[in-house]
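Enquirer: There's a structure below that I have some questions on.
The values are calculated or read from the model by the stated rules, or taken from the named source; none is laboratory data. Everything quoted here is computed from the prediction, not taken from an experiment. Methodologically, a virtual Cβ is constructed for each residue, glycine included, from the backbone with ideal geometry; neighbour enumeration extends over all protein chains shown.
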Amino acid sequence: MTSLGQRLHTVRTLAGAGVITPTRPDKLVRVGLALRRFGPTPAAGYTSSAIRYPDEAAIVDELGLLTFADVHRRTNGLAHALSDAGIREGDGVAIMCRNHRGFIDVTVACSKLGANALYLNTAFAGPQIADVVTREKPRAIVFDEEFGELIGDAAKGRKRFIAWHEPDSNPADPTLDSMIEDGDPTDVVPPENPGRVVILTSGTTGTPKGANRSQPESLDPAAALLSKIPLHARETTMIAAPMFHSWGFAHFSLGLGLSSTLVLKRKFDPEATLALTAQHQATALVVVPVMLQRMVDLGEDVVSRYDLSRLRVIAISGSQFSAALSERVLDMFGDVAYNLYGSTEVAWAAIATPQDMRAAPGTVGRPPRGTVIRLYDNDGREVPQGETGRIFVANEMLFEGYTGGGGKDVIDGLMATGDVGHFDEGGRLFVDGRDDEMIVSGGENVFPQEVEELLAKRSDVEEVAVLGVEDDDWGQRLRAVIVPRDGGKLDEKEIKAYVKQHLAGYKVPRDVRFVDELPRNATGKVLKRELAD
């Protein structure tokens with residue numbers, strides 16, 4: 001595709017999404033200047049929206065409503081205050097916040113300064129935080145008061161600022177609200193270079209790594225997503241997925257271009273999320289699969305209490321979205337689910353529409369425009385259609401390497417996702433498992449995800465994880481860890497017989513265990529290393 005063709009596609013897509021609309025000439029000039037000064041960054045996003053929609057709702061959280069003009073003034077004040085405190089262009093600022101206005105305040109203020117934002121997972125333990133901060137060397141840490149003890153060691157010798165605190169507390173460190181109040185609300189002089197965003201990997205298999213990514217140079221990536229997921233400008237999005245994670249952050253970023261009203265809640269609760277989605281007539285709900293699982297488990301009687309008639313998009317990513325769960329979601333909410341497959345390193349690879357998931361349950365869909373997917377074997381040769389291979393991706397949003405050094409495998413300009421998969425005859429991608437999760441049991445290759453998908457279809461299984469563990473006789477064996485639905489009783493022999501009935505004998509778990517819940521990180525990924533232990 002030519003660059004002209006790409007530009008035309010981007011313009012058409014953005015116009016269709018309502019991003020490009022007739023605007024007063026004076027406002028159009030001011031928006032153009034903001035984009036020229038800051039580029040396609042959070043700074044430009046809220047500056048432009050404050051010009052076009054100053055009195056419209058930008059953020060709704062537990063403290064109330066902020067307009068776009070409010071956010072623009074607040075982030076100007078905070079940027080000036082951070083500068084007065086010694087934060088300069090190119091400095092790193094670690095951010096450990098839940099979903100609330102403070103997260104956005106500091107993100108946009110860093111963007112206006114050209115500071116680099118490092119997002120810390122709110123589920124990290126103290127030693128993990130200390131390891132990451134020691135490696136990344138931020139100049140300051142912005143954190144919610146509840147994490148004060150956790151960041152103790154990490155914050156030594158660094159500036160500390162509190163983003164969220166309870167009304168009756170008296171924080172010892174400066175708060176963002178006090179800095180905003182005292183800061184100069186006038187426009188900030190743009191930095192010479194836009195700040196970087198560092199999103200950490202999930203750390204499910206070890207110490208989290210920092211994925212270094214520059215701000216995009218164009219609006220093409222936004223257009224790629226909007227061509228597959230029907231979001232529209234000046235509508236309302238409920239972001240339940242944590243914004244420190246790449247999926248939640250992606251929708252924060254999309255919301256900038258769409259001038260969306262963002263509804264935020266600090267801690268996830270399935271029914272409260274449905275209530276807020278209905279109350280604010282949200283057209284989009286952003287979740288990770290385990291959140292959707294919790295909502296579906298509330299049952300039709302509870303879900304039907306809330307008017308979700310405006311909801312056109314449930315945007316899903318962050319971990320495996322099983323065929324069984326996708327069918328339950330589509331049946332309960334209608335054809336509004338869109339599942340994005342990607343990783344912190346490659347951003348996105350494929351998007352499954354409701355039609356894809358109806359036609360081919362379990363698929364992760366097709367690549368959006370501007371993205372290429374190829375499957376390679378271990379020798380770097382492309383595999384034939386229908387055969388399983390390592391998944392490699394190319395698009396404009398590939399990361400630039402880990403901040404501590406190193407990166408992912410690259411072949412012909414395409415980057416590895418760390419998964420293996422296959423294409424069906426319709427060109428839809430299926431993920432068969434992690435390339436490092438394949439086990440060899442008795443000389444046979446097994447991917448646990450196939451067994452997980454099978455067991456998840458059972459009506460008496462709430463959740464399941466399958467993994468490989470060491471075995472003296474077989475080298476490795478499959479272990480299935482199952483959460484029974486509604487606290488029911490399951491039989492190990494019956495589970496094994498069920499798998500043997502549907503799959504090859506060597507794929508039958510030799511070890512079946514029943515638990516009350518699976519260990520997960522903050523984005524819902526199962527921590528299989530804990531199950532192995």
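Enquirer: Please work out which one of (1) more than 31 Å from the chain's Cα centre (by Cα); (2) surrounded by fewer than 16 Cβ atoms within 10 Å (Cβ to Cβ); (3) outside any strand (DSSP E or B) is the condition Ser459 fails and give its number.
Expert: (1)
Enquirer: What residue, among those in the range 59-82 that are farther than 22 Å from Thr122 by Cβ, out of contact with any Asp or Glu (no Cβ under 7 Å at 6 or more places or on another chain) and in contact (Cβ under 8 Å) with a residue 40 or more places away in the chain, is surrounded by the most Cβ atoms within 10 Å (Cβ to Cβ)?
Expert: Here the residue is Ala79.
Enquirer: For the range 515-531, what are the residues that are surrounded by fewer than 17 Cβ atoms within 10 Å (Cβ to Cβ) and not β-branched (Val, Ile, Thr)?
Expert: Asp516, Glu517, Pro519, Arg529, Glu530
Enquirer: Output the number of the condition that Ala172 fails; it satisfies all remaining conditions of (1) surrounded by fewer than 19 Cβ atoms within 10 Å (Cβ to Cβ); (2) among the hydrophobic types (A, V, I, L, M, F, W, C); (3) at pLDDT 95 or above.
Expert: Result: Ala172 fails condition (3) only.
Enquirer: Would you check which residues across the range 16-57 are out of contact with any Lys or Arg (no Cβ under 7 Å at 6 or more places or on another chain), of a type in the set (A, V, I, L, M) and surrounded by 13 or more Cβ atoms within 10 Å (Cβ to Cβ) and list them?
Expert: Once the filter is applied, which keeps residues that are out of contact with any Lys or Arg (no Cβ under 7 Å at 6 or more places or on another chain), of a type in the set (A, V, I, L, M) and surrounded by 13 or more Cβ atoms within 10 Å (Cβ to Cβ), the range 16-57 yields Ala17, Val19, Ile20, Leu28, Leu33, Ala34, Leu35, Ala44, Ala50, Ala57.
Enquirer: Hey, among Arg101, Arg135, Arg139, which residue is out of contact with any Pro (no Cβ under 9 Å at 6 or more places or on another chain), of a type in the set (Lys, Arg) and modelled with pLDDT under 95?
Expert: The match here is Arg135.
Enquirer: Select, from Arg88, Arg98, the only residue that is under 23 Å from the mean Cα position of the chain (by Cα) and assigned to a loop (DSSP other than H, G, I, E, B).
Expert: Of Arg88, Arg98, the one residue that is under 23 Å from the mean Cα position of the chain (by Cα) and assigned to a loop (DSSP other than H, G, I, E, B) is Arg98.
Enquirer: Just name the residue that is farthest from Val263 (Cα to Cα) out of those in the range 91-108 that are surrounded by fewer than 24 Cβ atoms within 10 Å (Cβ to Cβ) and touching a Phe, Trp or Tyr at 6+ places or on another chain (Cβ under 9 Å).
Expert: Arg98
Enquirer: Under 7 Å by Cβ, and 6 or more places apart or on different chains, what pairs join a residue from the range 495-519 that is more than 19 Å from Ala532 (Cβ to Cβ) with one that is exposed (fewer than 14 other Cβ atoms within 10 Å of the Cβ) and among the charged types (D, E, K, R)?
Expert: The qualifying pairs are Tyr506/Glu444.
Enquirer: When you check Val286 against the structure, is it outside any loop (DSSP other than H, G, I, E, B), at pLDDT 95 or above and within 30 Å of Gly210 (Cα to Cα), yes or no?
Expert: yes
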